[in-house]
Amino acid sequence: MNELSSSLLLPAIVFLPLLAAIIAFLIGRNQLQGRINICFSLAQFLLVVLTTLLFLHEQTYQSERYVIGGWGAPLGIDLIVDGFSILMIALTGLLTLLITLYSASYFSDKYSASEKSLRFWPLWWLLISGLNALFMSADAFNIYVCLEIIGLSAAALVALQGSRAALEAALRYLLVGLLGSLFYLFAIAILYRSHGTLDLMQIAETANHSFPDKVAMILITIGLLLKIALFPLHFWLPPAHANAPTPVSAILSALVVKASLYILIKFWFDVLGATITLGASQMLGALGGAGIIYGSWCAFRATQLKVLIAYSTVAQLGYIFLLFPLSEYSMGVSSFTGSASQAAVYFIVAHACAKAAMFLAAGNLILAQGNGEIAQLKGIAVREPLNVLVFAVAGISLIGLPPSAGFIAKWLLLTTAIESGQWWWVIVVIIGGLLGAMYLFKVLSLAFSTDPAVVESPTSKSTPQVSNVMTTVALILALITLALGFNAEFILNISNTVSEVSGI
Amino acid sequence: MSLVMIFDALLIFSMFTLGWMSIFSLSLFRCIVFFVCLGLLAAIAWGRLGAFDVAIAEAAIGAGITGALLLAAWNRIRPHRTKAIELNVTNAKTSQKDTTEHV
Amino acid sequence: MFNTLNIEYDSPAVDKSALSLIASVLVAGFLLAVTITIVLSDKGHNTGLAPLITQNIELSGVTNPVTAVLLNFRAYDTLLEIAVLLVVVLAILPTRDHHAPFFKRIVVSKKNLVLSALQRWIAPAVVVFAGYLLWAGAHQPGGAFQAGALLAGASVLMFQSDTYQVNYTSLMARVLLVLSLVVFITIGTALIYFEGSLLTYPLAFSGLLILLIETCATVSITLALASLYSSFIVSENTSVTDNKHRTIK
Amino acid sequence: MTSALLYAIAGLALFAIGFFGVVVASHVMRKILALNVMGVGIFMFLIACAKRNPLVVDPLPHAMVLTGIVIAVAGTALALNLMVRIHHIDQSSQEQSK
C-alpha cells in the first residue's frame, strides 16, 4: 500500500466535480455562480496536480489500484491509475481550469442569456466527473456507466444552444452515442459470459485467441469507433461540434472523443490484446488515413469557421489511428509501449491543447464578428490581433510546423513509420499536413488581408468587444501548445516514462 | 418439461413479433403500445429466468415509465385532431382516416 | 443512417434507400449468426461470480444478493448511475419559476370521476406498496429503483388530472433531487475516514446505512422520473392553443 | 438445449432486430424504440447468462441489468425531449410562414 492508492485523492478527483455540479444546481441563479465555479476548478486543478506529482514522485511506474468498498477486484470495483490515465487526468484538470475560466465570462449576462448558464454549470461538472471517473476505471461495466454520463451530458450541452440545428445535432449525437454504448454493453455481456469477471486486468489475464473474445473485440471497436467518429462514422461530429456553445465545442473536441479513444486503446493493447490481428490494425490505420484526407478536404471546403475546425478534428483523429498499424509492426507484440504509442500519447495531448485554443479563439472571433462565416473574416486581424494570433499558433501546431507540440508529435509518427518500413503512412501524413496548411492558411490569409474598404465597414457597426479573460485563456492555451513544442526533450522524457508505465 | 418449453417458445416468439412491430408498425401509437407489451412480456420472461428484482423493475420502469414518456412525447408530436380537420376541410375523408388511425 | 432525422408524423416506417436496407440486413444477420455460434459453442464461465457473492453475502448487511451487489459490492456504479439520472433531469427541467412553491393543489370544478377515484384509492395503496418494496429490498426482490418507479407511476397518475402540481425547479425539489447523491457521497467519503476506503461499510451498520441510502435514492428517483414525465406535460398545459383544442375534443 | 440457452439466443435476435430498426426506420421515435428493443435484447442475454447453471443464479448480471434499465430510461427521456423540442421549433416556424 503506497501513498497514492491509500489516500483520498483518487476518489476526490471524481467526487469534487460531482459536488460542484450539485452546488451549481442548488444555488441556481446567483451572482456568485461564476466565482464559485472558478474556485471549484482551481481546487480540482490543485487536486490533479497533487495527484500527478505524487504519482511521479513514487517512481514505481506501475499501475496503482484503489479498492472501493474493501471488496477487491472481481466482486467490487477498483480504480486504477497508470501513466496514461494520469496524463489524461492531468490534461482534463488543466483544460477544465482554463475552459471554466472562459465559460465564466462566456455565460455571464453580457454575451448570452443567463438561462443557459443555469443548465451549463451542473452539466459541465457532471461531464468532467464522468471523464475523470472513466480515466480511472478498472471495471468494464463501470466504464459503460461513465460512457453514458459523458454521452448524455455532452449531448445535453450541445443542445444548450437551443437553435434547431443545434438540437438536431444533439439528437443525432445522442442516438449515435446510445448505439455505441449498446454495442459496448453487448461486448461486456459476452466477456462476462466467457470470463466470469468484469475487472479489466482479470479479463486480460484470461483473454485468448478464442472466438467470443474476438467478437467482443469487434463489437467494442465498432461501438467506440462510432463514439470517436473515425472516418466513415464521423457524420455526427461536425454538426455537433460546430453548433455547440464555444466552451462545449472545445471540451468535446479536446477531451470527449479522446475518452472513447482512451478506452479503445486500453482494450486494443492491454485487455484484449491477444485477439487483434495484423489485418485489423492495418484496416484501422487505413480508415485513419482516409479520415485524414477526407477530413482535411471537407475542412478546406467548409464555409463556417467552426465547421472547419470540427472537420479538422476528424482529420486529426485519423493521425492518432495510425498508432494501430505502426505499433503492431514496431513491437511485434501488442502492448501500449514503444515509439508509436509515445507518438500517439503526444498527439493526444498536443491536439487537445491546440484544438481547445483554436475553438476558443474561433469563438472569440465569431463573437467579435457576429457570425461564423469564413468569408466575413476579412481583415479581422486588425481588430482582434490576439485572437488571430492564437488561431495561427494553434493552426501551426495542427499542421505540424516546427516550434509547436504538433511538430514533435508528427515527427515521432513519421520516424516510427519509416523505422517500421511502412512508408505509405508517410505519404498520408505529408498529404494531410499539406491539406491542413491549405485550409488553415485560407482562414489566416483572409484574416490578415488589409483591404481598407473591407476593414472599415464592420468596425462602423458597434460589435461587442470580447472580454479580456476570454482572449487571455485562449492565449494561455496557445502558449502551452508552444511550450510543449519548445520543451521537446523534457516532454518526451515524461511521455516516455508514461508509455513505459502504461503497459500492464 | 415439454409444456414449459412450449411456454418458453411461445413467449419468445411473441417477443420477436412485438419487437418487430414496435419498430415497424403503421402508426407510431401502435408502435408504443407494442413496445409496452414487449416490456411486460420481458418482465414475465425474466421472472421465468429467476430474476424477480429485474422483472419488477422492468415492469415498472421499462414498460411503465418508458411507456408513459413515449406516450406523452407522442401526444406532443402528433397532429392534433382539430388541426387536421382545419387543414383538410375540403378533404373530409383524409381527416377521418386520420382520426381512426391516430387515436 | 442518422443523416436525416425525420420527425414528420406521417412518414413511412422505413427509409427507402436500398443500400442502407441491404447493408443493415447483412450486418444484423452477421451479428446474429456470429453471436449465436458463440452461445452454442462456448460453455463459458459456468457460474460467474455467484459463489463469491454467496460467500460474502453475510458481510454485506443485506440478504437479497441483488441489493447486496447494487448497494454494497458495486455501490460506486449505482452512485454514478444516479448521476446519469441527474444529468437527464438537468437537461430537461425548465429553468423558470424558481420561487414558486414546491407543491400546489388546484381546485378544479370539473372532476373526472375515474381519475379522482384512482387518485383516492390507488395512489395511497401504491405508496404503501412502494414503502414495502423498499423495506423488503434487503431480503427479497425489491429495492430503491422499483419503489421509486412505482411512486413515480403514482405521481404520473396524479398529474393526469391537473389537480396537483409540483414545481420541480423550486429549491425544495432541487434539494430532494440531489438528496441521494449528496447522502451517497457523504456516507462514502465519511467512511474513508472511519474505515480507510471509499464506501466501505462497517459490518455493524451496513444494513442501516444501505437502508438510509436506499430511502434517499427512492425519493430522488421518484422525483427524477416524475419530473421527466411532467416535462412532456407541463408545457402543453401552459400553452393556450392546445387547451382550446382539448376542450373541443 | 436448455431454456436459458433459448432465451439467450432470443436476446441476441432481439438485439439484431433492434439494430436493423435503428438503421432502417425513418422516424426518430422509431429509432428510439429500436434502441430500446436492442437494450431489451442485451438485458435478456445477460439474464439468460446468469441462469446458465440451472442450480445457481448469478446476481451480478441482474444488478447490471437494473443499472442498464435506469440508464436506458434516462437516454430515452433525453432523446424524446430533444425530438419534441425540434418538433416545436418546426411547428412554430410553420405557423409563422402561414
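Candidate membrane-span-like segments in chain A, meaning DSSP H helices with Cα atoms spread over at least 24 Å of their own axis and a Kyte-Doolittle mean of 0.5 or above, are A:9-27, A:33-58, A:83-106, A:114-136, A:140-159, A:164-195, A:211-228, A:278-301, A:305-321, A:338-369, A:423-448, A:468-486, with no membrane implied. Peptides A:272-280, B:34-42, A:250-258, B:13-21, ordered by how many other C-beta atoms sit within 10 Å of their residues on average, highest first, read A:250-258, B:34-42, B:13-21, A:272-280. Within the shell defined by Cβ-Cβ distances under 15 Å, the residues around C:Pro202 carry a net charge of -2, with Lys and Arg each +1 and Asp and Glu each -1.
Using +1 at the Cβ of each Lys and Arg and -1 at the Cβ of each Asp and Glu in the protein assembly as shown, identify which of A:Val473, C:Gly207, B:Gly62 lies farthest towards the dipole's positive end. With unit charges placed on the Cβ atoms, the residue in question is B:Gly62. For the peptide D:87-97, the mean number of other protein chain Cβ atoms found within 10 angstrom of a residue's Cβ is 3.
Using the Karplus relation 6.51 cos²θ - 1.76 cosθ + 1.60 with θ = phi - 60°, the per-residue 3J(HN,Hα) values for the range C:204-213 come to 5, 9, 4, x, 5, 5, 4, 5, 4, 4 Hz, with x marking Gly and Pro. Relative to a virtual label point 7 Å from the Cα of B:Leu3 in the Cα→beta-carbon direction, which members of the range D:1-33 show backbone nitrogen distances below 19 Å? Flagged as within label range: D:3. The amide H of A:Ser137, built 1.01 Å from its N in the peptide plane, has A:Ile80 as neighbours under 5 Å, considering only residues 5 or more places off or on other chains. Using a Förster distance of 30 angstrom, determine the FRET efficiency expected from the C-beta separation of A:Leu479 and A:Glu58, and round it to 0.05. Efficiency, from the Cβ-Cβ distance: 0.50. Considering only beta bridges that DSSP places wholly inside the protein assembly as shown, some 90 percent are antiparallel. The length gained on full extension between A:Phe441 and A:His209, counted as 0.36 nm times the residue separation minus their Cα-Cα distance, comes to 78.7 nm.
When the charge dipole of the protein assembly as shown is built from unit charges on Cβ atoms (+1 for Lys and Arg, -1 for Asp and Glu) and taken about the Cα centre, the candidate among A:Leu200, A:Phe120, A:Pro212 whose Cα reaches farthest toward its positive end is A:Phe120. Per-residue 3J(HN,Hα) values for the range B:65-75, derived from phi via the Karplus relation 6.51 cos²θ - 1.76 cosθ + 1.60 with θ = phi - 60°, read 5, 4, x, 4, 4, 4, 5, 4, 5, 4, 4 Hz in sequence order (x marks Gly and Pro). Inter-label distance, B:Ile44 to D:Leu55: 3.2 nm, where each label sits 7 Å from its Cα along the C-beta direction. In this structure, A:Glu419 and A:Leu278 have a Cβ-Cβ separation that, at R0 = 30 Å, corresponds to a calculated FRET efficiency of about 0.95.
Over the protein assembly as shown, the hull volume per residue, using the convex hull of the C-alpha atoms, is 165 Å³. Around the amide H of A:Gly379, modelled in the peptide plane, lie the amide H atoms of A:Ala447, A:Phe448, A:Ser449, all under 5 Å away and 5 or more residues distant in sequence or on another chain. Once the C-beta distance of C:Leu21 and A:Ala375 is scaled by a Förster radius of 30 Å, the resulting FRET efficiency is 0.15 to the nearest 0.05. With contacts taken as Cα pairs under 8 Å and at least 6 residues apart, the range D:3-97 reaches a relative contact order of 28 percent. For the residues of A:358-368, the average number of beta carbons from a partner chain within 10 Å of their own beta carbon is 0. Plainly put, chain A has a radius of gyration that is 0.96 times its Kirkwood radius, both from alpha-carbon atoms, as the Rg/Rh ratio. Contact order for chain A, expressed relative to its length and based on alpha carbon pairs under 8 Å spaced 6+ residues apart, stands at 15 percent. Here the range D:1-82 has an Rg and Dmax of 14.1, 46 Å, counting Cα atoms alone. Across the range A:63-180, the mean sequence separation of Cα contacts (distance under 8 Å, 6 or more residues apart), normalised by length, yields a relative contact order of 21 percent.
What you get for the protein assembly as shown, charging only the Cβ of Lys and Arg (+1) and of Asp and Glu (-1), is a dipole of about 2760 debye around the Cα centre.
Computed from backbone phi with θ = phi - 60° and the Karplus coefficients 6.51, -1.76 and 1.60, the 3J(HN,Hα) list for the range D:43-56 is 4, 5, 4, 4, 5, 5, 4, 5, 10, 4, 7, x, 8, 10 Hz; x is used for glycine and proline.
Annotation for the range A:122-143 versus the range A:343-414: alpha-carbon center distance of 28 Å. Backbone amide hydrogens, once placed in the peptide plane, bring C:Gly143 within less than 5 Å of C:Leu134, C:Gly137, excluding anything fewer than 5 places away on its chain. Here is how the number arises for chain A: DSSP H runs of 4 or more residues each give -39500 (n - 2.57), the sum is divided by the residue count, and the result at 222 nm is -25000 deg cm²/dmol. Legend: distances between Cα atoms for D:Lys31/D:Lys98; A:Lys227/A:Lys355; A:Lys266/D:Lys31; A:Lys116/A:Lys410; A:Lys116/A:Lys378; A:Lys227/A:Lys442; pairs beyond 28 Å are D:Lys31/D:Lys98; A:Lys266/D:Lys31; A:Lys116/A:Lys410; A:Lys116/A:Lys378; A:Lys227/A:Lys442. Peptide A:197-210 has a mean shielding of 1, counted as Cβ atoms of other protein chains within 10 Å of each residue's Cβ.
A short reminder: the numbers here are calculations on the coordinates, not readings from a lab. Just so you know, these numbers come straight off a predicted model, no measurement behind them. Glycine also receives a Cβ, built like all others from the backbone with ideal geometry; neighbour counts cover every protein chain displayed.
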